[in-house]
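Student: Okay, here's the structure, questions in a sec.
The values are calculated or read from the model by the stated rules, or taken from the named source; none is laboratory data. Not measured: the values here are computed from a predicted model. Here the Cβ is made from the backbone with ideal geometry for all residues, glycine too, and neighbour counts use every protein chain on show. Note: areas computed on protein heavy atoms with side chains; ligands, DNA, RNA excluded. Shrake-Rupley method; radii C 1.70, N 1.55, O 1.52, S 1.80 Å.
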Amino acid sequence: MTHSHFGQVQFENVGKNYGDFTAIPNLNLEIEPGQLVTLLGPSGCGKTTTLRMIAGLETPTSGRILIGGEDVTRLPPNERDVSMVFQSYALFPHMSVLENVKYGLESSGYKDAEELALKGLDLVGLREKAPRLPSELSGGQQQRVAVARALVLEPQVLLLDEPLSNLDARLRRLVRTEIREIQQRLDFTAVYVTHDQEEALAVSDRIVVMRDGIIEQDGTPYELYESPASEFIADFIGEANILDCDIHSLNADTASILVGGKGFDLRHRNHSVGKGKLAARANSIKLNREVNGGLSGKIKSAAYLGDHFQYEVLSDLGPLFVIDNNTDELFSNGTTVGIDFDTRGLALIGGKK
C-alpha cells in the first residue's frame with residue numbers, strides 16, 4: 001500500500017438496502033487523507049449508515065468501499081484499520097480509565113500497551129485520571145477517554161458517530177474544539193457524523209450534506225454557507241428565510257438583484273437573469289422604526305434571549321424569522337417596522353457548479 005493512500009476513503013457506486021427500503025441509492029464519495037469530513041443531515045438521511053459501512057458494521061448491497069486503496073467491502077470490522085467513537089462512550093464501567101484505553105491495544109497484541117495508553121491519555125489531557133473509574137468522570141471527560149482509546153490504535157481513519165450529543169452545550173463546544181485540535185495536530189483522517197450544523201461548521205475541512213441517502217451538497221463550510229446549492233441547504237445550514245428575487249444583470253462573479261424593491265450586488269455561481277431565490281440569514285435582516293416608503297412588516301412575535309431578540313415578522317415578502325443583536329430596543333407585537341438587509345447575510349440559491 002502506498003503511503004499516499006493511507007487514510008483515504010472511497011465509495012464507488014455504493015448502495016444499501018434494508019429489505020424494500022433503499023437507505024443509500026448510489027453513493028460516490030472520496031475522502032482525502034488528513035481531512036476531517038463531516039456527514040451532516042437530518043435524521044434518516046443516511047449519514048450513520050454511511051459511517052457504519054466504513055466501519056464494517058453494515059455491508060453494502062452494491063458497489064465497493066476502499067480504505068487506503070484497499071477494497072474492504074467484505075472485510076470484518078477488526079480487519080479494517082479504523083476506530084470508532086460512539087455517542088454513548090461505550091466505556092467498560094468496571095475498568096479504570098487506563099484499562100479502558102489499554103484494552104484494545106492488549107487485544108491487538110501490543111507489547112507496550114500501558115505506555116501507549118498513557119500517551120493516549122496525554123493527548124486528551126487526562127493522564128492524571130488514569131486510575132479512576134469512568135463513573136468518576138464528567139461526560140466530557142468520558143468522551144475524551146473514548147477518543148483516546150480509539151486514537152491509540154493509530155487507525156487509518158477515525159470514525160465519530162454523534163460524539164457530542166450526550167453533552168451539554170458548553171461541554172460540546174469545549175470537546176469539539178479539542179477533537180479538532182488533536183486531529184489537526186496528528187493529521188489523521190476523520191469522518192464525523194452529526195445533525196448539528198454549528199458543530200459541522202466548527203470542526204470540518206469539508207461538509208457532505210445528505211438527504212434521503214443522496215449527497216445534496218459537498219464543500220467547505222464557507223462554500224455551503226455562502227453558496228447554498230438548494231433551498232434545503234440554505235435552510236439547513238444557518239437558518240435562512242427563502243425569498244423570491246429578480247436577477248436583472250450579471251457579470252463574471254456578481255449578480256445585481258432586486259428584492260422587495262431594494263437592489264443588491266451578490267456573488268453568483270452561473271445563475272441566469274430572471275426570477276431567482278434568495279437565502280436571507282436570520283441575522284442579516286435589520287429592523288428599524290422608520291419605514292420611509294421602503295419594505296415594511298409587522299411584528300407577529302418577539303422573544304428575548306439574553307444577547308439577542310428573535311422576531312417573527314409578517315412582511316410583503318412573506319413571514320420572516322429575524323435574529324436581532326441590538327438588544328437596546330425591543331419591538332413589541334403589532335409594531336410596524338422598516339426592513340433592511342445586510343448584504344453579508346444574503347446568498348443566491350442554486351446556480352450550476
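Student: With the requirement that a residue be among the basic types (Lys, Arg) and free of Cβ contacts under 8 Å to residues at least 24 places away in the same chain, what does the range 103-144 give you?
Tutor: Looking only at the range 103-144, we keep the residues that are among the basic types (Lys, Arg), and these are 111, 119, 127, 129, 132, 144.
Listed by number, the residues that qualify are Lys111, Arg127.
Student: Would you tally the residues in the range 287-311 being open to solvent by less than 80 Å² (accessible area, probe 1.4 Å) and either assigned to a strand (DSSP E or B) or polar (S, T, N, Q) (or both)?
Tutor: Count: 11.
Student: Of the residues that sit in the range 130-170 and are in a helix (DSSP H, G or I), open to solvent by 40 Å² or more (accessible area, probe 1.4 Å) and of a type outside the set (S, T, N, Q), which one is modelled with the highest pLDDT?
Tutor: Selected residue: Glu136.
Student: Can you name every residue in the range 206-223 that is open to solvent by less than 30 Å² (accessible area, probe 1.4 Å) and not in a helix (DSSP H, G or I)? Don't jump to the end; show me each part of the working.
Tutor: If we filter the range 206-223 for residues that are open to solvent by less than 30 Å² (accessible area, probe 1.4 Å), which is where we start, we get 207-210, 213, 217, 219, 221.
Of everything in the range 206-223, those that are open to solvent by less than 30 Å² (accessible area, probe 1.4 Å) and not in a helix (DSSP H, G or I) turn out to be Ile207, Val208, Val209, Met210, Gly213, Gln217, Gly219.
Student: Ok, one more. If His271 satisfies every condition in (1) touching a Gly at 6+ places or on another chain (Cβ under 8 Å); (2) closer than 29 Å to Asp324 by Cβ; (3) of a type outside the set (Lys, Arg) but one, which is the exception?
Tutor: Among (1) touching a Gly at 6+ places or on another chain (Cβ under 8 Å); (2) closer than 29 Å to Asp324 by Cβ; (3) of a type outside the set (Lys, Arg), His271 violates only (2).
Student: A further question follows. Looking only at the range 312-353, how many residues end up being outside any strand (DSSP E or B), free of Cβ contacts under 8 Å to residues at least 60 places away in the same chain and among the hydroxyl-bearing types (Ser, Thr, Tyr)? It would help to see each step written out before you state the result.
Tutor: From the range 312-353, those outside any strand (DSSP E or B) are 316-317, 325-335, 342-345, 349-353; that's our starting set.
Cutting the leftovers down to free of Cβ contacts under 8 Å to residues at least 60 places away in the same chain gives us 316, 325-335, 342.
Next cut, among the hydroxyl-bearing types (Ser, Thr, Tyr) only: 327, 332, 335.
Number satisfying all stated conditions: 3.
Student: Mind checking which pairs have a first residue in the range 76-100 that is among the aromatic types (Phe, Trp, Tyr) and a second that is open to solvent by 70 Å² or more (accessible area, probe 1.4 Å), Cβ under 8 Å, 6 or more apart or different chains?
Tutor: Filtered contacts from the range 76-100: Tyr89/Asn166; Phe92/Glu99; Phe92/Tyr103.
Student: Anything in the range 255-281 that is among the hydrophobic types (A, V, I, L, M, F, W, C) and open to solvent by less than 40 Å² (accessible area, probe 1.4 Å)? List them, or say none.
Tutor: Selection gives Ala255, Ile257, Val259, Phe264, Leu266, Leu278, Ala279, Ala280.
Student: Moving on. With respect to Ser284, is the statement that it is buried (at least 19 other Cβ atoms within 10 Å of the Cβ), polar (S, T, N, Q), within 24 Å of Glu223 (Cα to Cα) and touching a residue at least 24 places away in the same chain (Cβ under 8 Å) true? Outline the logic, then answer.
Tutor: Values: buried (at least 19 other Cβ atoms within 10 Å of the Cβ): yes; polar (S, T, N, Q): yes; within 24 Å of Glu223 (Cα to Cα): yes; touching a residue at least 24 places away in the same chain (Cβ under 8 Å): yes.
Spelling it out, Ser284 is indeed buried (at least 19 other Cβ atoms within 10 Å of the Cβ), polar (S, T, N, Q), within 24 Å of Glu223 (Cα to Cα) and touching a residue at least 24 places away in the same chain (Cβ under 8 Å).
Student: Would you confirm whether any residue within the range 105-113 is of a type outside the set (Lys, Arg), out of contact with any strand residue (DSSP E or B) (no Cβ under 7 Å at 6 or more places or on another chain) and closer than 23 Å to Leu164 by Cβ? Steps first, answer last, please.
Tutor: From the range 105-113, those of a type outside the set (Lys, Arg) are 105-110, 112-113; that's our starting set.
With out of contact with any strand residue (DSSP E or B) (no Cβ under 7 Å at 6 or more places or on another chain) added as a condition, the list becomes 105-110, 112-113.
Cutting the leftovers down to closer than 23 Å to Leu164 by Cβ gives us none.
Scanning the range 105-113 turns up no residue that is of a type outside the set (Lys, Arg), out of contact with any strand residue (DSSP E or B) (no Cβ under 7 Å at 6 or more places or on another chain) and closer than 23 Å to Leu164 by Cβ.
Listed here are the residues, each with its yes/no results for (1) within 30 Å of Gly139 (Cα to Cα); (2) buried (at least 20 other Cβ atoms within 10 Å of the Cβ).
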residue	(1), (2)
Leu174	yes, no
Ile179	yes, yes
Val193	yes, yes
Ala200	yes, yes
Ser204	yes, yes
Tyr225	no, yes
Pro228	no, yes
Ala234	no, yes
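Student: Let me ask something else about it. Please state which of the following conditions Arg185 fails to meet, knowing it meets all the rest: (1) in a helix (DSSP H, G or I); (2) under 16 Å from the mean Cα position of the chain (by Cα); (3) of a type outside the set (Ser, Thr, Tyr).
Tutor: (2)
Student: List the number of the failed condition for Val101; all other conditions in (1) buried (at least 22 other Cβ atoms within 10 Å of the Cβ); (2) part of a loop (DSSP other than H, G, I, E, B); (3) hydrophobic (A, V, I, L, M, F, W, C) hold.
Tutor: (2)
Student: Does Glu99 satisfy the criteria of being among the charged types (D, E, K, R), within 30 Å of Glu79 (Cβ to Cβ) and touching a Lys or Arg at 6+ places or on another chain (Cβ under 8 Å)? Don't jump to the end; show me each part of the working.
Tutor: Details: among the charged types (D, E, K, R): yes; within 30 Å of Glu79 (Cβ to Cβ): yes; touching a Lys or Arg at 6+ places or on another chain (Cβ under 8 Å): no.
Spelling it out, it is not the case that Glu99 is among the charged types (D, E, K, R), within 30 Å of Glu79 (Cβ to Cβ) and touching a Lys or Arg at 6+ places or on another chain (Cβ under 8 Å).
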